[in-house]
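The next block holds one structure in the form of structure tokens; read it before the comments.
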Amino acid sequence: MPALAADLVSRRVTAIFANSPSVAAVKGLTNTIPIVFLSGDDPVRLGFVASLNRPGGNVTGVNIFSGETATKRLDLLRELVPHASKIAILINTDFTASLRFGDDVEAAAPMLGLTTERLSANDDREIERAFNKLASARPDALLVGPGPLFDSQRNLVVALAARIAIPTGHETRATAVAGGLMSYGANVGDGYRQAGIYTGRVLNGEKPANLPVLQSTKFEFIINLNTAKALGLTVPDKLLALADEVIE
């Protein structure tokens, strides 16, 4: 990542778009080239901007709240799996929003009468090892934390979950489409569209310091009914009515 960032800066590009894991690498190399980000974690806490309304410097972008939806996702998964008493949490410790997601789930679970077990994975081999542990521990459901790793490995995660027949909750629609039981989170495509608009405004001469960080306003709840049936789950009518999309 630092080498790729250095290459872009050395080329004196007009603007740089970066996902949150790469923003720090680029920001540390230039305070003049405009940087537009799509972040799943608080950009102020990460040091990308001075404040949401007044970013300052050469960085602005879009926050899609990857870590802030933990409690809602837990609640929805519990309603889909009403017999659940133990929920596993799979996080990527290299991604701060995923760590915070795990903390939030652990804090909320006791209020729903649930116990939790946290597992971590930072590459595809560790994902497989985590699912081997799940096969032995046999929790009632699994919440998969946010982050680029689990997005890029969604097919592996879905296949491993199907192998041990565990209901799963995810952040992105794409993972529910791939076969995850459900997803709840910001509309990622809309986040990229907003970031693209900001990049266009920067290319037209506007300064990142004058462009407030945008907050996602579109959130979506997706249920994969085929996966529910394969798991022997009956989806309550109220959840079917609540869902933005039901995959059949």
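The values are calculated or read from the model by the stated rules, or taken from the named source; none is laboratory data. What you are looking at is a predicted structure, and each value in this text was computed from that prediction instead of being measured. We place every Cβ from the backbone using ideal geometry, glycine too, and count neighbours over all the protein chains shown.
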Go through region 202-248 and give me each residue that's surrounded by fewer than 18 Cβ atoms within 10 Å (Cβ to Cβ) and among the small types (Gly, Ala, Ser). GLY205, ALA209, ALA230, GLY232, ALA241
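Which one of these is in a helix (DSSP H, G or I), among the polar types (S, T, N, Q) and surrounded by fewer than 18 Cβ atoms within 10 Å (Cβ to Cβ): ASN122, ASN132?
Values: ASN122 fails: in a helix (DSSP H, G or I).
When all the criteria are applied, what remains is ASN132.
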Look at LEU74 and say whether it is modelled with pLDDT of 95 or more and under 16 Å from the mean Cα position of the chain (by Cα). yes
Condition check for VAL235: in contact (Cβ under 8 Å) with a residue 40 or more places away in the chain and either within 30 Å of VAL13 (Cα to Cα) or in contact with a Lys or Arg (Cβ under 8 Å, 6 or more places away or on another chain) (or both): no
Failed item in (1) more than 16 Å from ARG201 (Cβ to Cβ); (2) of a type outside the set (S, T, N, Q); (3) not in a loop (DSSP other than H, G, I, E, B), with PHE17 passing the rest: (1)
Hey, could you check region 227-247 for residues that are β-branched (Val, Ile, Thr) and in a loop (DSSP other than H, G, I, E, B) and say which is farthest from VAL59 (Cα to Cα)? THR234
Which of the residues belonging to region 186-226 are outside any helix (DSSP H, G or I), more than 30 Å from ALA162 (Cα to Cα), touching a strand residue (DSSP E or B) at 6+ places or on another chain (Cβ under 6 Å) and of a type outside the set (A, V, I, L, M)? GLN215, SER216
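Here's the yes/no breakdown for (1) more than 17 Å from ARG73 (Cβ to Cβ); (2) assigned by TED's automatic domain parsing to the domain that holds PRO43; (3) at pLDDT below 95:
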site	(1), (2), (3)
LEU156	yes, no, no
MET182	no, no, no
ASN204	yes, yes, no
ALA230	yes, no, no
LEU233	no, no, no
ASP237	yes, no, no
TYR192 passes all but one of the listed conditions (1) hydroxyl-bearing (Ser, Thr, Tyr); (2) in contact (Cβ under 8 Å) with a residue 40 or more places away in the chain; (3) under 16 Å from ILE223 (Cα atoms); the exception is number (3)
Considering region 28-42 alone, what residues qualify as being within 19 Å of ASN53 (Cβ to Cβ) and outside any strand (DSSP E or B)? PRO34, ASP41, ASP42
Step by step: first the residues of region 38-56, then only those that are crowded, with 16+ Cβ neighbours inside 10 Å and touching a Pro at 6+ places or on another chain (Cβ under 7 Å), then the one that is modelled with the lowest pLDDT. Which residue is that? GLY40
I'm checking my understanding of the structure. Among residues of region 135-161 that are of a type in the set (Gly, Ala, Ser) and out of contact with any Ser or Thr (no Cβ under 8 Å at 6 or more places or on another chain), which one is surrounded by the fewest Cβ atoms within 10 Å (Cβ to Cβ)? SER136
